[in-house]
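Visitor: So that we are looking at the same thing, I have put the structure below in C-alpha cells.
The values are calculated or read from the model by the stated rules, or taken from the named source; none is laboratory data. These figures come from a predicted structure and were not determined experimentally. Here the Cβ positions follow ideal geometry from the backbone for every residue, glycine too, while neighbour counts run over all protein chains shown. In case anyone asks, the SASA skips ligands and DNA or RNA and just uses the protein heavy atoms, side chains included. Shrake-Rupley method; radii C 1.70, N 1.55, O 1.52, S 1.80 Å.
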Amino acid sequence: MRHAEFNDPRLVAVYDVECPWSRDDDFFLSVVDETPKARVLDLGCGTGRLALGMAAAGHTVTGVDPARASLQAARVKPGAEQVTWIEGAAETLPERSFDVVVMTSHVAQFFVDDDEWGRTLAAVERSLVPGGRLVFDSRDPQDRKWERWNPIDSRRRVRLPDGHEVDRWTQVTAVQSGVVSFTQHYVFPDEELVSTATLRFRAEEELRASLRAAGFSVEWIYGGWDRQAVGKGDGEFLVIARTRTW
C-alpha cells in the first residue's frame, strides 16, 4: 500500500512508537512560541504529536491530514479535545485564519510534482493572515540521506506497547533528478506489510523560488535543529517564511 504507515492502523502504531517527541518538535514549537497564543495550522499533522504539544503550550491548534487512520490515533490521545482535527488537504483550508502554519516530518517532500507543491503553497498562503509565518522541514539533497535507506543501515526492531516486536527496514527502489522512491518493510510475528512512497529532494534555491512564486518572503533557512547554517547541521533545510503584510 502507498503511504501505508499513515493509513494502516497496524503501521500507524509502529510509527507512533518510532516517532516520540524529539528535538525537531522542540524547534517547531520554539518558532511557534515566537507568536504568543497563535492560531496554528499543523498541515500533515499525522498522529498529532506536535499538534498536541502546541495546544498544551497555549496555542489554538488545527490539525489537518488526509490519512484517516492517523487522525483516528490522534483523536484518542490525552489532550486531543484541545485540537480541531480535520480530515483533508491544503485546498480545504479557510482563508486568513491562521497566524502560523507548520509542516513537519518532511511533509513538504511528499509533494513531488512542482505544480502540486505550488498549489499547496498558494493554499497555505491564503490561509495565513498578512504577515503570517510558514515553517517546514525538507532534507538537503547534498546530504544524500537516501543512501542510508538500505536493508543494512536502516534495519531496526520496534517493540510495540502490547509487547510484540516488529522488524523493519527501508529499501530505495529508484533515484532520478531529485526524486527518490522507496519501500518500507515491516515484519510482524504473523505477516509482513510494506509501504511505498516517493519523495522530492529540492535544492535550497528551488525552495526559495517556489516560496517567492507563492507570495512568501524567506526569513531563515537553517541546516540543523539547533539553527545551524545550511551544510553545518543535520542535513536539513528548516525554512521559516512570511506572507506579505498587506
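Visitor: On the given criteria, is Asp24 of a type outside the set (Ser, Thr, Tyr) and touching a Phe, Trp or Tyr at 6+ places or on another chain (Cβ under 7 Å)?
Guide: In short, yes.
Visitor: Determine which member of the set Asp226, Asp234, Asp190 is surrounded by 17 or more Cβ atoms within 10 Å (Cβ to Cβ) and assigned to a loop (DSSP other than H, G, I, E, B). Before you say what the answer is, go through the steps one by one.
Guide: Numbers: Asp226 fails: surrounded by 17 or more Cβ atoms within 10 Å (Cβ to Cβ); Asp190 fails: surrounded by 17 or more Cβ atoms within 10 Å (Cβ to Cβ).
So the residue among Asp226, Asp234, Asp190 that is surrounded by 17 or more Cβ atoms within 10 Å (Cβ to Cβ) and assigned to a loop (DSSP other than H, G, I, E, B) is Asp234.
Visitor: Scan Arg144, Arg155, Arg139 and give me the residue that is open to solvent by 10 Å² or more (accessible area, probe 1.4 Å) and more than 25 Å from Ser210 (Cβ to Cβ).
Guide: Arg155
Visitor: Is one or more of the residues making up segment 184-192 in contact with a Lys or Arg (Cβ under 7 Å, 6 or more places away or on another chain) and closer than 24 Å to Gly118 by Cβ?
Guide: no
Visitor: Could you list, in sequence order, all residues of segment 160-187 that are among the acidic types (Asp, Glu) and part of a strand (DSSP E or B)?
Guide: Taking segment 160-187 as the starting set, the residues that turn out to be among the acidic types (Asp, Glu) are 162, 165, 167.
Correct list: Glu165, Asp167.
Visitor: Moving on. Any residue at all in segment 5-22 that's farther than 21 Å from Phe237 by Cβ, open to solvent by 20 Å² or more (accessible area, probe 1.4 Å) and at pLDDT below 95? Step through it out loud before you land on a result.
Guide: From segment 5-22, those farther than 21 Å from Phe237 by Cβ are 5-18, 20-21; that's our starting set.
Still in the running and open to solvent by 20 Å² or more (accessible area, probe 1.4 Å): 6-10, 13, 15-18, 20-21.
Now restrict to residues that are at pLDDT below 95: none.
For segment 5-22, residues farther than 21 Å from Phe237 by Cβ, open to solvent by 20 Å² or more (accessible area, probe 1.4 Å) and at pLDDT below 95: absent.
Visitor: Could you identify the single residue in Val166, Val129, Val124 that is more than 22 Å from the chain's Cα centre (by Cα), of a type in the set (A, V, I, L, M, F, W, C) and either closer than 24 Å to Gly48 by Cα or buried (at least 21 other Cβ atoms within 10 Å of the Cβ) (or both)? Can you show your working first?
Guide: Working: Val129 fails: more than 22 Å from the chain's Cα centre (by Cα); Val124 fails: more than 22 Å from the chain's Cα centre (by Cα).
Result: Val166 is the single residue among Val166, Val129, Val124 that is more than 22 Å from the chain's Cα centre (by Cα), of a type in the set (A, V, I, L, M, F, W, C) and either closer than 24 Å to Gly48 by Cα or buried (at least 21 other Cβ atoms within 10 Å of the Cβ) (or both).
Visitor: Now for a separate question. Yes or no: Ala203 hydrophobic (A, V, I, L, M, F, W, C), open to solvent by 30 Å² or more (accessible area, probe 1.4 Å), without any contact (Cβ under 8 Å) to a residue 12 or more places away in the chain and farther than 19 Å from Ala4 by Cα?
Guide: Details: hydrophobic (A, V, I, L, M, F, W, C): yes; open to solvent by 30 Å² or more (accessible area, probe 1.4 Å): yes; without any contact (Cβ under 8 Å) to a residue 12 or more places away in the chain: no; farther than 19 Å from Ala4 by Cα: yes.
So Ala203 does not fit the description; no.
Visitor: Sticking with this structure for a sec: What residue, of Val107, Val100, Val76, is among the β-branched types (Val, Ile, Thr), over 14 Å from Gly44 (Cβ atoms) and open to solvent by 10 Å² or more (accessible area, probe 1.4 Å)? Even if it seems obvious, please write down each step before you answer.
Guide: On the way: Val107 fails: over 14 Å from Gly44 (Cβ atoms); Val100 fails: open to solvent by 10 Å² or more (accessible area, probe 1.4 Å).
Sole residue among the options that is among the β-branched types (Val, Ile, Thr), over 14 Å from Gly44 (Cβ atoms) and open to solvent by 10 Å² or more (accessible area, probe 1.4 Å): Val76.
Visitor: Turning to a different aspect of this structure: So is Arg2 modelled with pLDDT of 95 or more and of a type in the set (Lys, Arg) or not?
Guide: On the way: modelled with pLDDT of 95 or more: no; of a type in the set (Lys, Arg): yes.
No: the conditions fail for Arg2.
Visitor: Quick one: in segment 44-66, which of the residues that are closer than 18 Å to Val129 by Cα and open to solvent by 10 Å² or more (accessible area, probe 1.4 Å) is nearest to the chain's Cα centre (by Cα)?
Guide: Thr62
Visitor: Can I ask one more? Answer yes or no: is there a residue in segment 155-173 that is in contact with a helix residue (DSSP H, G or I) (Cβ under 9 Å, 6 or more places away or on another chain), among the small types (Gly, Ala, Ser) and either under 30 Å from Val40 (Cβ atoms) or without any contact (Cβ under 8 Å) to a residue 60 or more places away in the chain (or both).
Guide: no
Visitor: Output the residues belonging to segment 237-246 that are buried (at least 22 other Cβ atoms within 10 Å of the Cβ) and farther than 20 Å from Ser105 by Cβ. Reasoning before the result, please.
Guide: Taking segment 237-246 and keeping what is buried (at least 22 other Cβ atoms within 10 Å of the Cβ), we get 237-239, 241, 243.
Hit for segment 237-246 is Thr243, nothing else.
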